[in-house]
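The values are calculated or read from the model by the stated rules, or taken from the named source; none is laboratory data. Treat the numbers as computed from the prediction; the structure is a model and nothing was measured. Virtual Cβ from ideal backbone geometry, glycine too; neighbours counted across all protein chains shown.
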Amino acid sequence: MNSHNLQRAELNKLALIISSMLLVSACNSSDSDNDDVVEPQVSYTLVTQLGGDATAVDASDSGHGFSTPMPNLTAQELEQHLAGDALFETSFTTAPNEEHPELDGLGPVFNNQDCNSCHQRDGRSSTITIPEGKERVLLGPEAGIFLRMSIADDDCDMPSIDNNYCKNTPVPDFGTQLFHRGVLKARVDWQEQPFIGQANVYLSYEYSTVTYPDGSRVQLKKPLFTIEEPYDVNGGDRLNSAILQDNVRYSPRNGMPVFGLGLLELIPEADILALADEDDSNGDNISGRANWVFDPVKAKQDDENPVSLGRFGWKASTPSVRVQSLGALRGDMGITNPLFPDESIAGTAMHEDYLARTGFVDTGIDEQGNTEADQAFSDDVVFYAETLAVPARRNVNDESVITGAQLFDQVNCTSCHHPEFTTASGEQLLGGLPAPDAIKGQKIYPFTDMLLHDLGEGLADHRRDFRANGFEWKTRPLWGLGLTKTVNPGAGFLHDGRAASVEEAILWHGGEAEQSKTDFMALDKAERQSLLDFVMSL
C-alpha cells in the first residue's frame, strides 16, 4: 500500500473508532448531553439486536445458534414452537406404515425425507465434496440440493388468470422439480435401480481463478449437473427423455437458513416496493424489482386475484412462510398437506404405473379424505419456521468490524442489502393466520431489500420463475451470516452452495452488483478483510 492509501485508511479507521466511542459514552449520558452525541457514519455500526426483541442474545457461540425460539413468545406460543421443532426433524417413511401411520407417505419420489436434511440445524445445507480421484459424485441421501426444472418460455410481466399466473410450464410427465430419490419399487426397473427417483443426478465442479489488482488470487468453483437414467426411457433411447431436451431449463436450489422468516414476512409491502427502481430512474445501474407470484393461500380462500408479493425462496417465488414450508413438505418430501393435497407427481406416467404395480393406496389422500400431514402438523411446523429467533451480532466494537461497516456502505453494498426495516403493527396475518405479537413493530436489520436483481451471467440459471428472469435473484438477508460455519462447517453460500466463503460469494457477483464487486476488489487487503469482518459480525 502506498503512503497516501495507508494514511487514508488509518484516518478512516480513527474517525470510525472515535465516532463509536462517543456514541457508546453518550448512551450513559443524560438527555441534556444528547446535543453533543456524534453518530457513527453509518447507523448500523453498533447495532447488536438484528431482530429487535425477537433476537437471541445468548446463542451466538453455539452450533445451535439458528435454532433458538424468539425470546418474546408467550408460554402458549413457545409450546407450539417446540411442537413444531419436533415435527421439523420428523423423518418420514414409505407408505403404508401400519405401526406408525403418522409417519408414512414419503415419496414415492422425493429429494429428502425430513426438513432438517436440507436446513441443517436450521441453517444452510452442506456443500457436496468430491473425493480425491473422482470427477463427479451421485446426489444421494446426504444432498441438500436439488434441481428445479421447466420448459423454456418467454418472460411474464404480471401474473393473472389469463397467463396462468406466470406459473412455470412443467416438463411433461415430470413436473417442475427433479426428484432424484425414490421409494423401493418407485420405478419399473426398481430391481436394477433401487431407490432412484425420476433420474440420477451427478455433480462435478468447474474451477476458475480471480486475481485482485494487488495480485492476491482466489479459486472459485461452479457446480455442473449431469442427468442420467431418466425413468421414461431405457437403453439406447435415453436421450429421448423429456428432461433431456434442449428446451428444458434447470436451476439448482440449496437449502437456506429458516430463522427470522416471520419478521421478513411482516415487513410492510409498501416499504419493500418503495425501494424498487425497475427502470433505474436514478441512473445508478441498480434496478431492483418485485416478484409477483401466485398465492395458494389466497386461491384456497377463493380470492378473485390470488397474487401476492414474492418474499421467500432464491427468486422470491413464494409469498409466505406457509406457502414456502408446506410447498417444500409436499415437493421435497412428497408429503401432502391441506394446502397442497395432491402428490408432487400426480397424473404422471410414473405415478400411475407405481400405483398400478404396487396396489398401494398412495395418492396423498386416505379413505377418509385426510392428507398425509394434517392441519395441526402443518400449522405447528409453519409456526416453528416463523418464530425462530435471529442471532445477535458479535464483535461490534472490534476496530476492523467498525471500519468494515463504513466500507460496506462505501462500496454500495447497501443499495441491495438494505440495512433496516420496521415490521408492521396492529392486526396482521401470516399466511392467512394471525401473526404473533412477538414479531410486530420490531426494528430489524436483515440487510436485504427483498427485491430481484440481475447478478450477471456468472450466476445466471437462464430459467424464469414467475416474473424473475434467468439472471435475477432475490437479495439474500445477511443477518446470521457469520454463524453459518459454526452451525454447519460444511455449508456453502449462494443458491447452489458454490462459494465456500463470503469472499467467494462476493466475487461471483456481477450484473447490477458488478461495480460494487469491482470497488471491493480495489480495496487493499486490510480493507477487504475489514469489510468481510463486518459481514461476519452479522
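Of the numbered conditions (1) part of a helix (DSSP H, G or I); (2) loosely packed, with under 13 Cβ neighbours inside 10 Å; (3) among the β-branched types (V, I, T), T209 fails exactly one; give the number of that condition.
Only one criterion in (1) part of a helix (DSSP H, G or I); (2) loosely packed, with under 13 Cβ neighbours inside 10 Å; (3) among the β-branched types (V, I, T) is unmet by T209, namely (1).
Does any residue of segment 431-439 turn out to be acidic (D, E) and either closer than 20 Å to G260 by Cβ or under 17 Å from the mean Cα position of the chain (by Cα) (or both)?
For segment 431-439, residues acidic (D, E) and either closer than 20 Å to G260 by Cβ or under 17 Å from the mean Cα position of the chain (by Cα) (or both): present.
How many of the residues making up segment 233-247 are buried (at least 20 other Cβ atoms within 10 Å of the Cβ) and either under 29 Å from E504 (Cβ atoms) or not hydrophobic (A, V, I, L, M, F, W, C) (or both)?
1
Just to verify a result, which residue in segment 363-390, among those that are among the polar types (S, T, N, Q) and surrounded by fewer than 19 Cβ atoms within 10 Å (Cβ to Cβ), is modelled with the lowest pLDDT?
My answer is T363.
If the Cβ limit is 7 Å and pairs must be 6+ apart or interchain, which residue in segment 125-141 that is more than 13 Å from K221 (Cβ to Cβ) pairs with which residue that is aromatic (F, W, Y) and buried (at least 20 other Cβ atoms within 10 Å of the Cβ)?
Partner pairs satisfying both residue conditions: none exist.
Mind listing just one residue for me: the one in segment 267-282 that is small (G, A, S) and assigned to a loop (DSSP other than H, G, I, E, B) and, of those, modelled with the lowest pLDDT?
It comes out as S281.
Quick test of your reading of the structure: D53 fulfils all but one of (1) assigned to a loop (DSSP other than H, G, I, E, B); (2) over 22 Å from the mean Cα position of the chain (by Cα). Name the failing condition by number.
In the conditions (1) assigned to a loop (DSSP other than H, G, I, E, B); (2) over 22 Å from the mean Cα position of the chain (by Cα), D53 misses (1) alone.
Rundown of residues vs (1) in a loop (DSSP other than H, G, I, E, B); (2) farther than 23 Å from D449 by Cβ; (3) charged (D, E, K, R), yes/no style:
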| site | (1), (2), (3) |
| --- | --- |
| D302 | yes, yes, yes |
| A316 | yes, no, no |
| D332 | no, yes, yes |
| Y354 | no, yes, no |
| D362 | yes, yes, yes |
| F383 | no, yes, no |
| N395 | yes, yes, no |
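Being in a loop (DSSP other than H, G, I, E, B) and acidic (D, E) narrows it down to one residue among D496, D533, D519; which is it?
D496 is the lone residue from the list that is in a loop (DSSP other than H, G, I, E, B) and acidic (D, E).
Since L178 meets every condition but one in (1) free of Cβ contacts under 8 Å to residues at least 40 places away in the same chain; (2) hydrophobic (A, V, I, L, M, F, W, C); (3) surrounded by 22 or more Cβ atoms within 10 Å (Cβ to Cβ), which condition does it not meet?
Every condition holds for L178 apart from (1).
Out of all the residues in segment 460-469, is one or more at pLDDT below 95, surrounded by fewer than 19 Cβ atoms within 10 Å (Cβ to Cβ) and either hydroxyl-bearing (S, T, Y) or within 22 Å of the chain's Cα centre (by Cα) (or both)?
no
Identify, by number, the condition in (1) in a loop (DSSP other than H, G, I, E, B); (2) crowded, with 20+ Cβ neighbours inside 10 Å that L263 doesn't meet.
The failed condition is (1).
Tell me, yes or no, whether segment 92-106 has at least one residue that is over 24 Å from G480 (Cβ atoms), over 24 Å from the mean Cα position of the chain (by Cα) and small (G, A, S).
Within segment 92-106, one or more residues are over 24 Å from G480 (Cβ atoms), over 24 Å from the mean Cα position of the chain (by Cα) and small (G, A, S).
Exactly one of these conditions fails for G426: (1) in contact (Cβ under 8 Å) with a residue 40 or more places away in the chain; (2) at positive phi. Give me its number.
(1)
For the subset of segment 76-111 comprising residues that are of a type in the set (S, T, N, Q) and at pLDDT 95 or above, which member is farthest from L326 (Cα to Cα)?
Here the answer is Q76.
Write out, first by first residue and then by second, each pair whose Cβ atoms fall under 6 Å of each other, whose residues are 6+ apart or on separate chains, and whose first residue, in segment 51-69, is more than 23 Å from D437 (Cα to Cα) while the second is part of a loop (DSSP other than H, G, I, E, B) and of a type in the set (A, V, I, L, M).
Once the first residue is more than 23 Å from D437 (Cα to Cα) and sits in segment 51-69, its partners that are part of a loop (DSSP other than H, G, I, E, B) and of a type in the set (A, V, I, L, M) give S60/A392.
Mind checking whether some residue in segment 481-490 is surrounded by fewer than 19 Cβ atoms within 10 Å (Cβ to Cβ), touching a residue at least 12 places away in the same chain (Cβ under 8 Å) and not in a helix (DSSP H, G or I)?
yes
Filter segment 218-243 down to residues that are part of a strand (DSSP E or B) and more than 17 Å from R498 (Cβ to Cβ) and give me whichever is nearest to the chain's Cα centre (by Cα).
Applying the filter and picking the extreme gives I227.
Assess whether P268 counts as being within 21 Å of G492 (Cβ to Cβ) and either under 20 Å from the mean Cα position of the chain (by Cα) or touching a residue at least 60 places away in the same chain (Cβ under 8 Å) (or both).
The answer is no for P268.
Identify, please: which residue in segment 83-139 is more than 18 Å from G197 (Cβ to Cβ) and among the aliphatic types (A, V, I, L, M) and is, among those, surrounded by the most Cβ atoms within 10 Å (Cβ to Cβ)?
L87
Return the only residue of K517, K474 being over 20 Å from G52 (Cβ atoms), within 17 Å of the chain's Cα centre (by Cα) and buried (at least 20 other Cβ atoms within 10 Å of the Cβ).
Exactly one residue qualifies, and that residue is K474.
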